[in-house]
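One structure below.
The values are calculated or read from the model by the stated rules, or taken from the named source; none is laboratory data. Just so it is clear, the structure is predicted and the values come from calculations on it, not from any experiment. Don't worry about glycine lacking a Cβ; one is built from the backbone with ideal geometry, like all the others, and counts go over all protein chains shown.
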């Protein structure tokens, strides 16, 4: 006998598995979220590990925060770096970095934001 699907999940269509965060817009939509701002400023300085993103943002879900910034127009790719964990097993940890295009978008957005603040 087949189990019936819960009504909440019956409407979900898993056919579309395309990563919607992979398509960055031509412009950065901007943000006033303090967590976003802390991560952006730190990423302009250097690449950041996922754990660093959590600590800098003050939240425990860095990948979702990065996904939010991607939905706002940044690419913010994550490179997987080979390492050995504390138990001696090989792992790949994530390191987020801004692309040159991201840096241009952020520079333009910050310039516009600063100009509005002075007006």
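Restricting attention to region 87-119, the residues being within 23 Å of residue 63 (Cβ to Cβ) and not in a loop (DSSP other than H, G, I, E, B) number 14. Restricting the search to helices (runs of 4 or more DSSP H) fully inside region 1-86 and requiring at least 2 residues that are under 30 Å from residue 116 (Cβ atoms) and modelled with pLDDT of 95 or more gives 34-45, 50-57, 62-71. Does residue 37 satisfy being free of Cβ contacts under 8 Å to residues at least 12 places away in the same chain and loosely packed, with under 11 Cβ neighbours inside 10 Å? It is false that residue 37 is free of Cβ contacts under 8 Å to residues at least 12 places away in the same chain and loosely packed, with under 11 Cβ neighbours inside 10 Å.
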